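Undergrad: Questions regarding the structure given below will be posed in turn.
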Amino acid sequence: MKRIDGARGGGYSTGRMRRLLWQFTRFLIVGLISFTVDYGVFVLLLNVFGVQYVLASTVSFCLSLVLNYVLTLKFVFEAKPGRSLAKEFAVYLGLNIVALGLNQLILVVTVSAFGASPLIGKLIATAVVLVYNFISRKLLIERDHRPRANGLANDELDTDNTGGTSR
């Protein structure tokens, strides 16, 4: 986050915090849409077609993953110029393999170790993975990878409104 250095000893910019909150709100809305697809397909596969819960979760997660990627790029994060879509999507898939693993681990633990219903386990797993997804996607999509004249990437320094730099 950008800091405002000044007479008050520094603090976080109110405008930046508002933008971050609005961005997180949009992320939650896109996530709700994606979750509806994920959970709906999961319930359909599990209860209607009798698919084993881990396989049903894998299929539903992957379908919602594609939807979430498209909606996130369109409505949530501002992609930086000069990025490679192929590289970005490859990294996105890598991050989501981790998210899928986390999702499945939590699902299996809640069902096997705690005796929860797969439907409840899926809800718990989704809530935990939500936080991981926001942080990882924000870093991936908004990170500016273009080199600067001084050899540093643009994402290595933040410039505040006064022309100074802060970490």
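Undergrad: How much length would be gained if the chain were fully extended between Tyr132 and Phe49, taking 0.36 nm per residue of separation minus their Cα-Cα distance, in nm to one decimal?
TA: On the way: separation 83, 0.36 × 83 = 29.88 nm, distance 3.03 nm.
Extra length available between Tyr132 and Phe49 comes to 26.8 nm.
Undergrad: Using θ = phi - 60° and the Karplus relation 6.51 cos²θ - 1.76 cosθ + 1.60, list the HN-Hα couplings for the stretch 37-48 in order, rounded to whole Hz, with x at every Gly or Pro.
TA: Running phi through 6.51 cos²θ - 1.76 cosθ + 1.60 with θ = phi - 60° gives 5, 4, 5, x, 5, 4, 4, 4, 5, 5, 8, 8 Hz.
Undergrad: Hey, another quick one. If each residue's Cβ is checked for other Cβ atoms within 10 Å, how do Arg19, Arg137, Arg83 rank with the fewest at the top?
TA: Arg19, Arg83, Arg137
Quick note: the coordinates plus some simple rules give every number you see, no bench work behind them. Predicted model, so just to flag it, every value in this text is computed and none were measured. Every residue, glycine among them, receives a Cβ derived from its backbone with ideal geometry; neighbour counts consider all protein chains shown.
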